[in-house]
There are 2 protein chains.
Amino acid sequence: MLGAAERQNQSLLCVGLDPDPAKFPAHLRGDASRIYDFCAAIVEATADTVIAFKPQIAYFAAHRAEDQLERLMAHMRAVAPQVPVILDAKRGDIGSTAEQYAIEAFERYGADAVTLSPFMGFDSVQPYLKYEGKGAFLLCRTSNPGGDDLQNQRLATVDGQPLLYEHVARLAQGPWNLNGQLGLVVGATYPAEIERVRELAPTLPLLIPGVGAQGGDAVATVRAGYRRQGDATTGPVIVNSSRAILYASSGDDFAAAARSEALRTRNVLEAARG
Amino acid sequence: MLGAAERQNQSLLCVGLDPDPAKFPAHLRGDASRIYDFCAAIVEATADTVIAFKPQIAYFAAHRAEDQLERLMAHMRAVAPQVPVILDAKRGDIGSTAEQYAIEAFERYGADAVTLSPFMGFDSVQPYLKYEGKGAFLLCRTSNPGGDDLQNQRLATVDGQPLLYEHVARLAQGPWNLNGQLGLVVGATYPAEIERVRELAPTLPLLIPGVGAQGGDAVATVRAGYRRQGDATTGPVIVNSSRAILYASSGDDFAAAARSEALRTRNVLEAARG
């Protein structure tokens, strides 16, 4: 599904839907009952510029807006059936609890993929893999300052003494990836680390947040994550931008401004893959 | 708040609220609109036997039952104002997203504490610490088979080469615990590991799932986690049991059966702390 959207829209851009009513344009500002309206306008304005959409569930949950997220998911399927939707939920639990979260993501919301934390290990990932055709992106190396606290520690007890995030990348490319459904989340702040993850996980889709408002360098990001190897290429990179697109204008023209910013970012990313 | 409930109810038992309509007693079975009714009956029957309640949010989210969780949280505050409620959500995200999850847990649902994943590091924990009087339990060592995949790896680059879970325990006892709001989640399957965590984090509350249906040994668990040291004791242990109590009977007497099982478990735990 990623491949189809990438070809049709010629894009590596993912628009992150992190709706914060306090940042909405003036005529919607502060009104949590308009989250759907705001996001739907963004989706309609950018649907032909993206490889994926990524709603962040926390922004809906904080505002008692699960019903609006359900409607938005349905609207995305209607407006852009070829564009996969990654539900950014970073769930991480086991057994029957993980099964409940998988029901939430894939059945209730109809997401095509979900983000997960790998901290609890393989049995916290496995329940999601029972859904054929659905994907799971595991947190691997995140670009926040605290990302170092655990992810950047070297493991004495694993072959080759990888850093923790390298260990996660290997597990996801190898033994955990039973049916080819896994991808990785890798922050854009450190292109050398994206390059390293790509080396360890050549075929996995990489979801890369942190371009745009978070300041990652879009060109360096794509070059680090996307490689042509002879006739083949590596797995896709999916470069997320949220705030820079959502809040490109605080006026009535917010949707048009979002489209302009999305097109600009898409073009930068396309130029980078060359 | 934990201390007050522990003294008043003389209990280390936490009842986990993981409502699965497929396991409900016959007259409620399969009816997701009765999640509140089922849980409220359990809460009323066990409120004077527990140190805490722990609703697992996945079971509500899978059934579009956030409104029932809101009502249940309010009901717990009304029925048992002295009993803290730990929202088991295992959130793990950063910055403004973590702030949204904190709003969800503490403002929307009014939880007294929340469970978190430490994988993204300190800045994924810090936003919760801004809520005075609220707590956060970090996943440390979980008892599922996959718990070894990351948590049981030895870190070459940290002083003393701790295992990853030991590193988390030290961070939570030390530099991360700005205002004394942190606790740890430690599985009951390996008492030696609870003992090790207690050594590294003498004052932190330990939330210990895995007793009851998951088969951990309640006595060994309490002895490993709860120590009198002269006149003082270590931080509290909070021993969770969910299914063994919730589904103690599949008949109309489910609430009375839950109470019996809760009392039995509480007594076993009390005897163990001696």
Taking A:116-124, B:185-193 and ranking on average Cβ neighbours within 10 Å, highest first, one gets A:116-124, B:185-193
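Treating only the Cβ of Lys, Arg, Asp and Glu as charged (+1, +1, -1, -1), what charge dipole size does the range A:132-233 show about its Cα centre? Round to the nearest 20 debye.
Numbers: 9 positive and 10 negative charges, 32 e Å.
Using Cβ point charges on Lys, Arg, Asp and Glu, the range A:132-233 gives about 160 debye.
Evaluate the relative contact order of the range A:2-273 (contact order divided by residue number), counting alpha-carbon pairs under 8 angstrom at least 6 apart; express in whole percent.
Numbers: 539 pairs, mean separation 55.6, N = 272.
Over the range A:2-273, the number comes to 20 percent.
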Just the ratio, please: alpha-carbon radius of gyration of the range A:43-185 over 2.2 N^0.38 Å, N its number of residues. 1.11
Report the dimensions of the range B:110-159 along its three principal axes from the alpha-carbon atoms, largest first, rounded to Å. 36, 26, 15
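With a cap of 13 neighbouring Cβ atoms within 10 Å, and only residues DSSP puts in a loop, list the GluC sites (Glu not before Pro) found in the range A:62-164.
A:GLU132
What 222 nm value per residue comes from the helices of chain B, counting each DSSP H run with n ≥ 4 as -39,500 (n - 2.57) and dividing by all residues, nearest 500 deg cm²/dmol?
Values: 12 runs with 108 residues, N = 274.
Result for chain B: -11000 deg cm²/dmol, rounded to the nearest 500.
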Can you pull the mean other chain C-beta count within 10 Å for peptide B:119-128? 6
Cα point-scatterer Debye curve for the protein assembly as shown, base-10 log of I(q)/I(0) at q = 0.10, 0.11 Å⁻¹: -0.79, -0.96
How big is the charge dipole of the range A:2-273 about its Cα centre, in debye rounded to the nearest 20, if each Lys and Arg gets +1 on its Cβ and each Asp and Glu gets -1 on its Cβ? 440 debye
Can you tell me which aspartates and glutamates have their Cα less than 12 Å from the Cα of A:LYS134? Leave out same-chain residues fewer than eight positions away. A:GLU107, A:ASP112
Tell me the Rg and the Dmax, in Å, that the Cα atoms of the range B:2-273 produce. 17.9, 57
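Taking every residue in A:154-161, how many Cβ atoms of other protein chains lie within 10 Å of its Cβ, on average? Can you show the working numbers first?
Values: counts 7, 8, 8, 8, 5, 0, 0, 3.
Whole-number average of other-chain Cβ neighbours for A:154-161 is 5.
With a 1.4 Å probe and every protein chain left in place, work out the accessible area per residue of the range B:21-75 in Å², rounded to a whole number.
Details: 1710 Å² over 55 residues.
Accessible area per residue, the range B:21-75: 31 Å².
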To test your reading of the geometry: what angle, between 0 and 90 degrees and rounded to tens, separates the Cα axis of helix A:254-273 from the longest principal axis of chain A? 30 degrees
Using a 1.4 Å probe on the protein heavy atoms, what percent of the accessible area of chain B belongs to carbon and sulfur? 48 percent
Write down, largest first, the equivalent ellipsoid semi-axes of the range B:22-84 in whole Å, where each equals the square root of 5 times an eigenvalue of the alpha-carbon gyration tensor. 20, 13, 10
log₁₀ of I(q)/I(0) at q = 0.25, 0.26 Å⁻¹ - the range B:48-95, Debye sum with one point per alpha carbon: -0.97, -1.00
I need the semi-axes of the equivalent ellipsoid of the range B:102-247: take the C-alpha gyration tensor, multiply each eigenvalue by 5, square-root it, list largest first in whole angstrom. 22, 20, 16
Report B:ILE103's accessible area, 1.4 Å probe, all protein chains in place, as a number in Å² to the nearest 10. 50 Å²
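Would you mind giving the mean number of other chain beta-carbons within 10 Å of the Cβ of each residue in B:87-97, as a whole number? The partial results should precede the final answer.
Numbers: counts 0, 2, 3, 11, 7, 8, 11, 8, 2, 9, 9.
Whole-number average of other-chain Cβ neighbours for B:87-97 is 6.
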In bins 10 Å wide, starting from 0, what share of all Cα pairs of the range B:160-220 does each bin hold, as a percent? 23, 50, 24, 3
Among B:GLY251, A:PRO55, A:GLY146, which residue has its Cα positioned farthest towards the positive end of the charge dipole of the protein assembly as shown, with +1 placed on the Cβ of Lys and Arg, -1 on the Cβ of Asp and Glu, and the dipole taken about the Cα centre? A:GLY146
How big is Rg to Rh over the range B:1-122, alpha-carbon atoms, Rh as the Kirkwood inverse-mean-distance radius? 0.99
Checking an interface number: how much accessible area is buried between B and A, summed over both chains, with a 1.4 Å probe, in Å² rounded to 100? 4400 Å²
Place a point 7 Å from the Cα of B:GLN8 in the direction of its beta carbon; the residues of the range B:70-104 whose amide N falls under 19 Å from it are B:72-87
From the C-alpha gyration tensor of the range A:190-274, square roots of 5λ in Å: 27, 13, 9
So how exposed is A:VAL85, as accessible area in Å² (1.4 Å probe, rounded to 10)? 10 Å²
Per residue, how much accessible area does the range A:187-269 have with a 1.4 Å probe, in Å²? 42 Å²
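The values are calculated or read from the model by the stated rules, or taken from the named source; none is laboratory data. The model shown is predicted, which means the values in this text are computed figures rather than measured ones. All Cβ positions, even for glycine, are placed from backbone atoms using ideal geometry, and neighbour counts span all protein chains on display. With ligands, DNA and RNA removed, areas are computed over all heavy atoms of the protein, side chains included. Shrake-Rupley method; radii C 1.70, N 1.55, O 1.52, S 1.80 Å.
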